[in-house]
Amino acid sequence: MVSESMSFLPVNEEDARKRGWHELDIIFVSGDAYVDHPSFGVPLLARLLESRGFRVGIIAQPDWRSTAPFMALGRPRLFFAVSSGAMDSMVAHYTPARKLRRDDAYTPGGRHGSRPNRAAIVYTSRLKEAYRDVPVVIGGIEASLRRFAHYDFWEDRVRRSILFDAKADLLVYGMAESSLLELAERVKNGESVREIRDLRGTAYLTGESDNLPILASTSLIEIPSFEEVSRDRSKYAEAYRRQDLEMNPFCAATIAQHHGKRRLLCNPPSLPLAEDELDAIYALPFEKAPHPAYKEKIPAYEQIRSSITSHRGCFGGCAFCAITHHQGKIVQSRSEKSILREARELSAFAWFKGSISDVGGPTANMYGLSCGNFTRSQLCRRNSCLYPEICKHLNCSGSRGAALLRHMRDLPGIKHIAVSSGVRYDLLEHQPEYGRELLAAHVGGLLKVAPEHLVERVTDLMRKPRRSSFEKFLEFFRKESSRLGKKQYVVPYLMSGHPGCTLSDMVDLALFLRQMGLRSEQVQDFTPTPGTLSTCIYFTGMDPFTGEKVYVPRSDKEKQLQKSLMLYHLPEERKNVLQALKLCGRESAASLLLSVL
């Protein structure tokens, strides 16, 4: 009889021996708890490698204060693969006000403190202490977005590429399935990690005099050095702009950036996965559960355990969002057959009560969408297919997504399907069929949308739709809900403190929300996370594409006042609202905003 833990990948040497493995090929080290679910990156990659015959183990949330926990599975034959987890560890640990968070959703019991600051660096350091001669490959979102010299909000300075501080042998960026699999195969066949320099989706370091072995059919560009971007903010803006132009995997160049006498070389992104490749990954034998050793609930798992990922990638190009930089701009969708199969499998779990908590991706109504001009898509350097206007080549039809929702509702054992991963309301204008399906059966009373802001000079900097698009959506939502005889409401997600946003802009936004009968229940204070356009603007005070100066709210006080204006309807925010109105000379708005109290 197979024990419960045997169905999971090994987490210690005893588990490996039960499988008859006396040595592992690849050992993953992760800042997240081990949850065997495809929404968690490390288990997904580990299952993929396992399916190709590699002996794989996972060390989850090791205590970094000594080397012993990093030796729990012994020495891997090929390499260690390190990730800080689903989030950048600094974002996971600190609020936008740089205050320590009290919890961690990816840890049993939601406890804070199970991973270190700058986890990818610390984990690699410990592994090098334990096994100096074993190659270490770093990946995940922390490594992806810090692969170039980057502004670090928590230290308020430009840091070197994470490769220099981690001293890893190779960096794998993006979703990594194809690049990590090819790397494993090549190392298995005798190549050294330290010599593999022609692999898409990877970055590595060279000496100044080394030859630069760039990929065939790609060019090489050099961006301003670490030293230049550290002392000259216009050079930082230039470096960001040139990186941003090289995101299309079909036409991207290899990028070089000097750091003193060494160079960072970043190969073009991995090519997008085909539908059958994506289907095969989600058909792997995931347990859809945390490792049985955990006795407490893991909040992130509880939130997504009955969710289904239908696609990945986002062509929205929002300035503050890292998804495009990590998952890519090209939307990669699973087949309907694959998604329906996963939904049927969910209904077989004892804990499943008939409700699917989400079917979607970064943006739910991008499922099945693609560029309608294949030739142009191979050369396109737009960072958004939606901003400043929807590209004429984009196939916007929501018919495939609408059909998927209808067919999922017909499955036995499925009582309700929510779409909670968010929708782009500017796309819904072109997707009447999907919009009707969504409102008829998948809202559940509240639909969360993320305009982020509705003052146009701010939304332009955010690369978000303008107010007129939101007004059209709101009109459609209310008319269609009325036609259906449903009491349904829009819950807007908004952002305060974004570059370009003033207190007066937030007053205008608050007045508009009140005029439209909306209230914001959740306001996100902008955090300058590594690698995004908004962070570049925050640090440099300029738009890197136009060179225009941009106002940046920097003080904690102003950020708090901006957030309070979005929560004007709460009695505890009255004092801050009055102070904000006085500071921007908008006292006349007090009677309108505060009359609701």
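The values are calculated or read from the model by the stated rules, or taken from the named source; none is laboratory data. These numbers come from a predicted model, not from an experiment. Positions of Cβ are generated from backbone atoms using ideal geometry, with glycine treated the same way; all protein chains shown enter the neighbour counts.
General remarks:
- Residue in the range 145-156 that is free of Cβ contacts under 8 Å to residues at least 60 places away in the same chain and outside any helix (DSSP H, G or I) present: yes
- Filtered residue count, the range 65-100, keeping only those that are within 25 Å of the chain's Cα centre (by Cα) and not β-branched (Val, Ile, Thr): 18
- Hits in the range 167-196 - residues which are in contact with a Lys or Arg (Cβ under 7 Å, 6 or more places away or on another chain) and surrounded by fewer than 21 Cβ atoms within 10 Å (Cβ to Cβ): Lys167, Leu181, Ile196
- Qualifying residues in the range 539-597 (those that are among the basic types (Lys, Arg) and in contact with a Gly (Cβ under 8 Å, 6 or more places away or on another chain)) - the one farthest from Ala237 (Cα to Cα): Lys563
- Scope the range 514-545; condition over 20 Å from the mean Cα position of the chain (by Cα) and either at pLDDT below 95 or charged (D, E, K, R) (or both); matching residues: Arg514, Gln515, Met516, Gly517, Leu518, Arg519, Ser520, Glu521, Asp543
- For Val172, the test of being farther than 19 Å from Ile298 by Cβ and within 19 Å of the chain's Cα centre (by Cα) is passed.
- Every listed requirement among (1) farther than 22 Å from Tyr294 by Cα; (2) at pLDDT 95 or above; (3) out of contact with any Pro (no Cβ under 8 Å at 6 or more places or on another chain) is met by Arg98 save one, (2).
- Enumerated helices (runs of 4 or more DSSP H) restricted to the range 324-432, each holding at least 3 residues that are among the charged types (D, E, K, R): 336-346, 399-409
- The single condition among (1) free of Cβ contacts under 8 Å to residues at least 40 places away in the same chain; (2) part of a loop (DSSP other than H, G, I, E, B); (3) under 28 Å from Ser192 (Cβ atoms); (4) not aromatic (Phe, Trp, Tyr) that Arg77 does not meet is (1).
- Residue count, the range 216-227 (criterion: surrounded by fewer than 18 Cβ atoms within 10 Å (Cβ to Cβ), outside any strand (DSSP E or B) and in contact with a Lys or Arg (Cβ under 8 Å, 6 or more places away or on another chain)): 0
- Scanning the range 483-507 for residues that are β-branched (Val, Ile, Thr) and either in contact with a helix residue (DSSP H, G or I) (Cβ under 7 Å, 6 or more places away or on another chain) or modelled with pLDDT of 95 or more (or both), we see that the one that is surrounded by the fewest Cβ atoms within 10 Å (Cβ to Cβ) is Thr502.
Condition check ((1) on the phi > 0 side of the Ramachandran plot; (2) among the hydroxyl-bearing types (Ser, Thr, Tyr); (3) in contact with a helix residue (DSSP H, G or I) (Cβ under 9 Å, 6 or more places away or on another chain)) across all residues:
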| position | (1), (2), (3) |
| --- | --- |
| Arg118 | yes, no, yes |
| Thr124 | no, yes, yes |
| Pro135 | no, no, yes |
| Gly140 | yes, no, yes |
| Ser144 | no, yes, yes |
| Arg147 | no, no, yes |
| Asp165 | no, no, yes |
| Arg197 | no, no, no |
| Gly207 | no, no, no |
